[in-house]
Every structure is written in C-alpha cells, then in structure tokens.
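Q: Mind looking over this structure? Questions follow.
Each value in this text was obtained by applying a stated rule to the coordinates, not by laboratory testing. Note that the structure is a prediction, hence the values are computed from the model and not measured. Every residue, glycine as well, gets a Cβ built from its backbone with ideal geometry; the counts of neighbours run over all protein chains shown.
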C-alpha cells in the first residue's frame, strides 16, 4: 500500500476577502518534512448562457492577476459555504450578463478544481437555456462587457490562445463535446 504524506501542522498566513493563505507542514512518505503552500477558497459557480440561436453569451473584464482583459463565461464566488452552486450560477448569470433564466433552465455540466497543486478552489459549471434579457446588476468593482459567439467561434479563439481562462476553456470544451456526443448517439 502506498504511503501518503501527512499534514502535521497548518498556519494561517493571510486571511483575505476571497482566499485564505496557509503554510502546511507536511511529513513525506520518506519521513522528511517540508512546507507546502495552501490557498483555501470558498468555492464558486459558473454558467454557459446559451441563447435561442445557439450563441453563447460571454463576459469581457479586466483581471488584475494577469493585468489583462479576458473573455470568460460568467462566474462568481459562493455567498457562503452552504450556498448551492446552482443558486450562485443562476445569480451570476443575471448579475454579469443582464440575462435571466428560470432556475429549472440552469442545468449542471461539470465540476472542476482550478489549481490542484496549491488551491482547493472548486467550480461547478452549469448551462442555462431559455434566456430573457433584463439588465446587469454589477458589483461596484465590476466593469463587464457582454458579447455573444457561436461555439465554433469560441473553439477557434481557444485554439488561437485568445481565451486563456481555464474554467472557460474546460466548460466550453465539455459543452462542445457533449453536443457532439448527443448528435453521435442520435
């Protein structure tokens, strides 16, 4: 049987608004000890908003961590650890895009961990259909442009390196593959 590393200590380094940063002291299988960085995240949800014509609504916004604008699917953190991710995805859809879908039209697609080497951030991704135009409800620090693209256009942008956000790439790729396999099964 394989021996696992054992956490023998955890020290909070920084308590932030979005993440907490820890230093974990780990005992490795060979008995040595090392420090590992760990970022604790409260979790998030994202949504692929699909218009009646099949185009997908995307958001373009500035991301400080990479000092650049990105094209992404709408997403946001959970309002609390107990908030259902479907509820968060439903909320973020209207807040960021100005489009609304009934909660029953928001369907689960996949879950993913964004950066398993040092962070526990988990994002549940949904697909929303039967959208109705309303208006954005942006947070004070959000400045978001809304654009719509076909799946083929988005796939091309991924392959050209114009979409760089990991959750967006995983979500759109899974969505495109799911549509491919549904057609294949029919």
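Q: Grab the beta carbon distance between residue 155 and residue 67, set R0 = 35 Å, and tell me the FRET efficiency rounded to 0.05.
A: So the FRET efficiency works out to roughly 0.85.
Q: Using only Cα atoms, what Kirkwood radius does region 67-178 have, in angstroms?
A: 15.0
Q: While we're here: With the contact rule set at Cα under 8 Å and sequence spacing of 6 or more, what percent relative contact order holds for the chain?
A: Values: 373 pairs, mean separation 38.6, N = 186.
Computed over the chain, the figure is 21 percent.
Q: Which of the peptides 61-70, 142-151 is most tightly packed, and how do the rest follow, judged by the mean count of other Cβ atoms within 10 Å per residue?
A: Numbers: 61-70: 10.6, 142-151: 14.1.
Listed from highest to lowest mean packing, they are 142-151, 61-70.
Q: Where both residues lie in region 42-185, what percent of DSSP beta bridges are antiparallel, nearest 5?
A: Within region 42-185, antiparallel bridges account for around 80 percent of the total.
Q: Expressed as an acute angle from 0 to 90° and rounded to the nearest 10, what is the orientation of the C-alpha long axis of helix 85-97 relative to the principal long axis of the chain?
A: The answer is roughly 50 degrees.
Q: Arrange the peptides 101-108, 11-18, 90-97, 117-124 so that the one whose residues have, on average, the most other Cβ atoms within 10 Å appears first.
A: Going from most to least packed, we get 90-97, 117-124, 101-108, 11-18.
Q: Using only DSSP helix segments of four residues or longer, with each worth -39500 (n - 2.57), what per-residue ellipticity at 222 nm results for the chain after dividing by its residue count and rounding to 500?
A: -7500 deg cm²/dmol
Q: On to the next question. If each Cα of region 92-154 is one equal point scatterer, what is log10 of I(q)/I(0) from the Debye formula at q = 0.13, 0.16, 0.27 Å⁻¹?
A: -0.50, -0.73, -1.13
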